[in-house]
Amino acid sequence: MKYGRTYNFSAGPATMPEPVLEEIRDEMMNYRGSGMCVMEMSHRSKVFQQIVDEAEQDLRDLMGIPDNYKVLFIQGGATLQFSMIPMNLMKNGKAVYIETGAWSKKAIAEAKKVGEVVVAASSKDKNYTYVPDCSDLDIPEDADYVYICENETIHGVTWNKLPNTKGHVLVSDQSSMFLSRPCNVSDYGLIYAGVQKNVGPAGMVVVIIRKDLIRDDLTQLPVYLQFKTHADAGSMYNTPNCWAIYCCGKVFKYLKSIGGLEAMDKLNQEKAKVMYDFLDGSKLFQGTVVPQDRSLMNVPFVTGDKDLDAEVVAYTKAAGFENLKGHKSVGGLRASIYNAMPKEGVEALVECLKKFEAEHK
Ligand SMILES: *Cc1c(COP(=O)(O)O)cnc(C)c1O
């Protein structure tokens, strides 16, 4: 590994593409003849406006975002969206949520503070190890939207088939799978993603929202919490997270350069296969999620013995693999293998786990 870097399997903030970090390094002291670093620049300057415009355009190109959608860069991470979404989209005061793990649970708890939440399906019965069948849900006529967390970062489950919303607006938290595979934006009313999992530095969320869902009758809502504020001001109502926009823009360009989301998806499938093939063949380690709903981004696994799990974490760390401890709420191990994790990193990890297994027969 260059620069003495380690393979970092953190769930977020997470590993970034090395060519992007190198470009940022090269532009650090003097961004393209501007005489300053991007973090020193006025967000009202022409040179920064170009950075924002290009970031948005590159994201639109990557995802094929239709013209009737706004792209917003907002602060407060993905977490603020747990509140902003019900505050802005609950017209009738009612929404349907699907509970598939820790992050949808958090979103449900916040939405309940705003209006009525109907949990139409849940995988709680099996400790969030699968995605429930959502082909024929009981969805109240007056529900304002149906909400999913499309990739549960902690529990490692992914939606491979979107729920049948029966004509209702679909809202999706894509934080930990954003830009990992092609996405048909028109299937959604709103997509959002905290960027520190798959795209850039922490502290910013990308919101892709259908224009007709942006309301102008919410004048009682604090101005910063209205989507309209951010949409009208081109994401610059106040000083945005300039640094995150700049870094994310670089990642968007990088993804375009390697062939876009189809190419990324192919590579992600190959990487995940290395991991899951190993787990399926192992006598010591087991994946925790049913095969058809396994995440390509976050791979939770266990030995079935807490002390041994802790030993694995220490063993892999000593071998140069960072952040394999499972989330404190579920324990065990978790390898987050986002877009920027190279296939060689996953292969090297599997070799290390095989070695551990051989030594612990
Ligand atoms: C990390 C994460 C969040 C929270 O993101 P913050 O930017 O820390 O607020 C929300 N949803 C999912 C699916 C996540 O992985």
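The values are calculated or read from the model by the stated rules, or taken from the named source; none is laboratory data. This one's a predicted model, so the numbers in the text were calculated from it and none came from an experiment. Note that we place each Cβ from the backbone using ideal geometry, even for glycine, and neighbour counts take in every protein chain shown. We work out accessible area using only protein heavy atoms, side chains counted, and drop any ligands, DNA or RNA first. Shrake-Rupley method; radii C 1.70, N 1.55, O 1.52, S 1.80 Å.
Number of residues in segment 74-97 that are surrounded by fewer than 21 Cβ atoms within 10 Å (Cβ to Cβ) and within 8 Å of the ligand (Cβ to nearest atom): the value is 4. Applying the condition of being touching a residue at least 40 places away in the same chain (Cβ under 8 Å) and closer than 30 Å to residue 16 by Cβ to segment 160-178 and asking which residue is farthest from the ligand (Cβ to nearest atom) yields 160.
For every residue, the table says whether it meets (1) free of Cβ contacts under 8 Å to residues at least 40 places away in the same chain; (2) more than 19 Å from residue 8 (Cα to Cα); (3) open to solvent by less than 30 Å² (accessible area, probe 1.4 Å); (4) of a type outside the set (S, T, N, Q).
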| residue | (1), (2), (3), (4) |
| --- | --- |
| 271 | no, no, yes, yes |
| 301 | yes, no, yes, yes |
| 307 | yes, yes, no, yes |
| 347 | no, no, no, yes |
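Is there a residue being touching a residue at least 60 places away in the same chain (Cβ under 8 Å), surrounded by fewer than 21 Cβ atoms within 10 Å (Cβ to Cβ) and assigned to a helix (DSSP H, G or I) anywhere in segment 107-122? The answer is no, given that none of the residues of segment 107-122 is touching a residue at least 60 places away in the same chain (Cβ under 8 Å), surrounded by fewer than 21 Cβ atoms within 10 Å (Cβ to Cβ) and assigned to a helix (DSSP H, G or I). Does residue 266 count as in contact with an Asp or Glu (Cβ under 7 Å, 6 or more places away or on another chain), of a type in the set (Lys, Arg) and either open to solvent by 20 Å² or more (accessible area, probe 1.4 Å) or within 25 Å of residue 358 (Cα to Cα) (or both)? Judged against the criteria, residue 266 is not a match.
Go through segment 222-244 and report how many residues are in contact (Cβ under 8 Å) with a residue 12 or more places away in the chain and either in contact with a Ser or Thr (Cβ under 8 Å, 6 or more places away or on another chain) or open to solvent by 30 Å² or more (accessible area, probe 1.4 Å) (or both).
10
Within the set 69, 145, the sole residue that is touching a residue at least 40 places away in the same chain (Cβ under 8 Å), away from the ligand (no atom under 16 Å from the Cβ), under 23 Å from residue 261 (Cα atoms) and hydroxyl-bearing (Ser, Thr, Tyr) turns out to be 69. Please pick out the residue among 123, 104 that is of a type in the set (Ser, Thr, Tyr) and within 12 Å of the ligand (Cβ to nearest atom). That would be 104, the only listed residue that is of a type in the set (Ser, Thr, Tyr) and within 12 Å of the ligand (Cβ to nearest atom). In this entry, residue 146 is excluded by the filter for residues that are open to solvent by less than 30 Å² (accessible area, probe 1.4 Å), of a type outside the set (S, T, N, Q), touching a Leu at 6+ places or on another chain (Cβ under 9 Å) and in a loop (DSSP other than H, G, I, E, B).
Given the criteria more than 12 Å from the ligand (Cβ to nearest atom) and open to solvent by less than 30 Å² (accessible area, probe 1.4 Å), does residue 140 qualify?
So residue 140 does not fit the description; no.
Scanning segment 153-181 for residues that are within 14 Å of the chain's Cα centre (by Cα) and not hydrophobic (A, V, I, L, M, F, W, C) gives 153, 155, 156, 158, 172, 173, 174, 175, 176, 180, 181.
Within segment 51-66, track down each residue that is crowded, with 17+ Cβ neighbours inside 10 Å and in contact (Cβ under 8 Å) with a residue 12 or more places away in the chain.
Those that are crowded, with 17+ Cβ neighbours inside 10 Å and in contact (Cβ under 8 Å) with a residue 12 or more places away in the chain: 51, 52, 55, 56, 58, 59, 62, 63, 65.
Taking the criterion of being within 15 Å of the ligand (Cβ to nearest atom) and surrounded by fewer than 18 Cβ atoms within 10 Å (Cβ to Cβ), would at least one residue in segment 179-202 satisfy it? Yes, that holds for at least one residue.
Given the criterion surrounded by 17 or more Cβ atoms within 10 Å (Cβ to Cβ), touching a Cys at 6+ places or on another chain (Cβ under 7 Å) and polar (S, T, N, Q), identify the matching residue among 129, 100.
100
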